[in-house]
Structure formats: C-alpha cells, structure tokens
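All remarks here apply to the structure that follows.
The values are calculated or read from the model by the stated rules, or taken from the named source; none is laboratory data. Here the structure is a predicted model, which means the values were calculated and not measured. No Cβ is skipped: glycine too gets one built from the backbone with ideal geometry, and neighbour counts run over all protein chains shown.
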Amino acid sequence: MKKFILTSITIIIIISIALNSGNVATKASQSDIAAKLIRFHVIANSDDKIDQGLKLKVRDSVLKYVSPKLVDCKSIEESRKVINSEDKNIKRIAEGIINKNGFKYIVDTTLSQEYFPVKTYGNITLPQGKYEAYRIVIGNGTGQNWWCVMFPPLCFVDITKGNVSYEKTESEMKDVLSEDEYKMVDNTVNNKKIIVKFKLVEFFNELFS
C-alpha cells in the first residue's frame, strides 16, 4: 500500500513538473506582450439591451471608418500615430451614431494605459495587466464593453469564421510576438493544459475515493 501511494505521489509530481515546465522556461511576461499591442474597447452607457445595441452600432461605424487606415500599419508606432490623428474624427462618428439613434450621451475617447482582467478574443487570451488601449466610453460607461486588438489589426478579422479567422489571428500575432510570448496567449496551448489538469484531478479523485 505504501509503495502504491509513493508511486502515485511520484506520478503527480512528474506530471505537475511537465505541465508547468513551459511556464518556468519561458522568458515572456505580460508586460512584454502589452508593449507590442494596442487594444480597442467600446464601453456602453449601461447593460440595458438598447445601450448594448447602441455600443455595437458605434463599434461598426468606427471600425468601418478606421479599418482602411490601420489595416496596413506595420508597427505599433505607426498605428498609434494614426489613432491620435483620427481621434477627433472617430469621436465625431460615435457622437453621430448616438444622436442618430435618439440619444444625447456624451462620448469620451482616450488612448491610455489601462488595467484589464483576463480577456479572450477568438483563439487568443490576454493575461491580466496594464495595456495601451484606445477606449470609446459612451455616456456613464458602466455597461459591458466590446473589445479587440487594434495593433496588430485583429479588429478586422471576423472571429466567427472558425479556422480561417483563427489562422489569420495567429499569423498577425506571430508577426509581432516572440514564440514564447505567443505561447502565453495561444488558447490551443492553454486549453490543452487545462484539459490535462482536469482529467488528472478526476483520475486521482476516483483513485483515492
């Protein structure tokens, strides 16, 4: 019995080391990733259904306008320059959509460093921490937000199109992130770890129950 317990503990330790070895070995950090990205967030006035719908209308109009100006940007500096130069036009577009829909919400736009929790977009998950982000805040800005990545230009990838969009997203992110950095945000890697850990918990729960 003692031999069985010792063997089981040894297996757990070996598997745990294997699962976490990638995290120990990697030189990438959240700040490394954040330094190479510009996020885009549109924050609704509230969680009311109408306010949430208005948020999406603002998003669609802004992306339609700014997409051709950002999609070919090759560096974060170039994207930042475009965003700053187009800020007034973007704000004007957002206000126009809001007024057209019968609302008088104020609009605040900023390009700044903001703290965000863990967020998933398509097949990538960004760790929590500070990121540079262009934010459109509608009215009170207390509603749920829609987000994507402006640089690299993932906002212009339709994440509903399965493998096609996943391949495009992967390609865009790998253009700006190192191999270690991409591993940190790649859902396929993270999901495999989660699945393996879940199965191990189930196995040992049954083993010692």
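Elements of the type helices (runs of 4 or more DSSP H) sitting completely within region 134-209 and holding at least 1 residues that are modelled with pLDDT under 85 and of a type in the set (A, V, I, L, M): these cover 162-176, 187-207. Here is the figure for region 23-71: residues that are within 15 Å of residue 146 (Cα to Cα) and aliphatic (A, V, I, L, M) total 10. Residues in region 37-50 that are surrounded by fewer than 20 Cβ atoms within 10 Å (Cβ to Cβ), charged (D, E, K, R) and in contact (Cβ under 8 Å) with a residue 24 or more places away in the chain: 47, 48. Counting the residues of region 97-109 that are under 12 Å from residue 54 (Cα atoms) and touching a residue at least 24 places away in the same chain (Cβ under 8 Å) gives 5. Kindly establish whether residue 96 is small (Gly, Ala, Ser), over 23 Å from residue 177 (Cβ atoms), in contact with a helix residue (DSSP H, G or I) (Cβ under 9 Å, 6 or more places away or on another chain) and exposed (fewer than 15 other Cβ atoms within 10 Å of the Cβ). So residue 96 fits the description; yes. Kindly check whether there is at least one residue in region 109-125 that is over 18 Å from the mean Cα position of the chain (by Cα) and more than 22 Å from residue 34 (Cα to Cα). Scanning region 109-125 turns up no residue that is over 18 Å from the mean Cα position of the chain (by Cα) and more than 22 Å from residue 34 (Cα to Cα). Is region 121-132 home to any residue that is at pLDDT 95 or above and either surrounded by 19 or more Cβ atoms within 10 Å (Cβ to Cβ) or closer than 21 Å to residue 91 by Cβ (or both)? The answer is yes; a qualifying residue exists. Elements of the type helices (runs of 4 or more DSSP H) sitting completely within region 30-123 and holding at least 1 residues that are closer than 21 Å to residue 142 by Cα: these cover 49-70, 76-100.
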